[in-house]
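Below you'll find the structure, written out as structure tokens, and then a few comments.
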Amino acid sequence: MSLKLTILGFNSAVPTAFTHPTSQLLNIAERYFLIDCGEGTQVQLRKAKAKFNRINHVFISHLHGDHVFGLIGLISTLQLLGRDMPFHIHGPKGIEEFIMTQLRLTESTCSFKIIFNELSSKKSVIVFEDDMVEVISIPLNHRVYTNGYLFREKKKARKLNIDAIAEFPEIEICDYQNLKNGKDYTLESGEIIQNNYLTFDEQKSLSYAFCSDTRYKPDIIPLIKEVDLLYHESTFLHELKELAMYTGHTTAKEAGIIAREANVKKLVIGHFSNRYHDYSVLLDEAKQEFPNTILPEILGTIKIKVNP
């Protein structure tokens, strides 16, 4: 099992000939989630050879253009491709008006239903869940209402030790689910067979935290504790700390501190100011606080695998 994050874009506000605004495609438990949708996202999805019909949920962090201006174009393309499955958009209050106004003014129709999940809570809430995955909001501190998102697999079932189970003919197939859920088994004689004898440990559940535009906000640390992969914006070097605070952003040093204090496994930084042409200076600053920091690569995929 693995978690795969494809970077579609990672620069800050102004697109350039070689960089693209924030957007990511996450594959977790074979669910494909689009995270933010800056200008040109659908072109980047094409380049990444992503299958549009597998993307059913989009998570928007906030309503600044470099995180959302690509969404109406993607919706238009899905319509032209004949999509008929519902399309879920999770984002700040106002995202429905933002999209529906554009559809109305362009006299566009949709062959599929758009389901909006508007967020306004300043506390962490469950945004989406199914039997395999849950997505939780991470309240951030930007110039407008903003959330990051924590994506994590739910706890997995324990694995059956068939050889051990075979020692006890009383145990039937109908008992297997209870064993997978961690329950002990009581024989007719009253003897209790411990679950850890009849099963193996469950496979590790993977997690990814996306922290979009925000001022330095250490109170998110408990929410993202020990995630396998953290993306955290790092717009400026720490020498511009006051500018970062004024504009609602984080420095590379501060992102490294967040990663270190949260004891995450790996940090990827992004959302760099266009004043930086050499991103290695931002990487070096973050690595001073958290050595396992990497730079994003356009259309590069970061894979986190479960150790066998």
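The values are calculated or read from the model by the stated rules, or taken from the named source; none is laboratory data. None of the values given here were measured: they were computed from a predicted structure. Here Cβ is always computed from backbone atoms with ideal geometry, including for glycine, and neighbour counts include all displayed protein chains. Protein only, heavy atoms only, side chains kept; ligands, DNA and RNA dropped before computing areas. Shrake-Rupley method; radii C 1.70, N 1.55, O 1.52, S 1.80 Å.
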Net charge (Lys, Arg +1; Asp, Glu -1) of residues whose beta-carbon lies under 11 Å from that of Y32, Y32 excluded, is +3
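Using helices alone, what [θ] at 222 nm do you get for the chain, with -39,500 (n - 2.57) per DSSP H run of 4 or more residues, divided over all residues and rounded to the nearest 500? Intermediate values should be presented prior to the final figure.
Values: 10 runs with 73 residues, N = 308.
The helix contribution divided over the chain gives -6000 deg cm²/dmol.
Give me the net charge for the shell around L140: Cβ to Cβ below 11 angstrom, other residues only, Lys and Arg +1, Asp and Glu -1.
Result for the local shell: +1.
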Taking Cα atoms only, helix 95-105 is inclined relative to the longest principal axis of the chain by an angle, in degrees rounded to 10, of 60
Neighbours of S61 by Cβ distance under 11 Å: Lys/Arg at +1, Asp/Glu at -1, summed charge -4
If each part is reduced to its alpha-carbon centroid, the stretch 273-299 and the stretch 76-127 end up apart, in Å, by 33
Computed over the chain, protein heavy atoms only, probe 1.4 angstrom, the accessible area per residue in square angstrom equals 49
Stokes-Einstein D for the chain (37 °C, 0.692 mPa s, Kirkwood Rh from Cα pairs), in µm²/s, comes to 157
Computed about the Cα centre, the charge dipole of the chain from +1 Lys/Arg and -1 Asp/Glu charges at the Cβ has a magnitude in debye, to the nearest 20, of 820
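Of the accessible area of the chain, with the probe set at 1.4 angstrom, what percent is carbon plus sulfur?
Values: 7770 of 15070 Å².
Accessible surface attributable to carbon and sulfur in the chain totals 52 percent.
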Of all DSSP beta bridges having both residues in the chain, the percent classed as antiparallel (nearest 5) is 55
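Suppose every Lys and Arg Cβ carries +1 and every Asp and Glu Cβ carries -1, with no other charges. What dipole size does the stretch 92-193 come out with about its Cα centre, to the nearest 20 debye? Intermediate values should be presented prior to the final figure.
On the way: 14 positive and 17 negative charges, 194 e Å.
Rounded to the nearest 20 debye, it is 940 debye.
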So the angle from the long Cα axis of helix 252-262 to the longest Cα principal axis of the chain, reported in degrees to the nearest 10, equals 20
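Taking 29 Å as the cut-off for C-alpha to C-alpha distance, list the pairs among K93/K156; K113/K265; K204/K287; K51/K241 that go past it.
Too far apart for the 29 Å limit: K93/K156; K113/K265; K51/K241.
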Heads up, the stretch 218-308 by the C-alpha gyration tensor (a ≥ b ≥ c square roots of eigenvalues; a/c under 1.5 rounded, else a/b over b/c prolate, else oblate) looks oblate
Helix 280-289: inclination vs the chain longest Cα principal axis, degrees, rounded to 10, gives 40
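Please give the peptides 161-172, 258-269, 8-19 ranked by average Cβ packing (other Cβ atoms within 10 Å per residue), highest first, as a rough proxy for protection.
Values: 161-172: 12.6, 258-269: 21.2, 8-19: 17.2.
Ranked by mean Cβ neighbours within 10 Å, highest first: 258-269, 8-19, 161-172.
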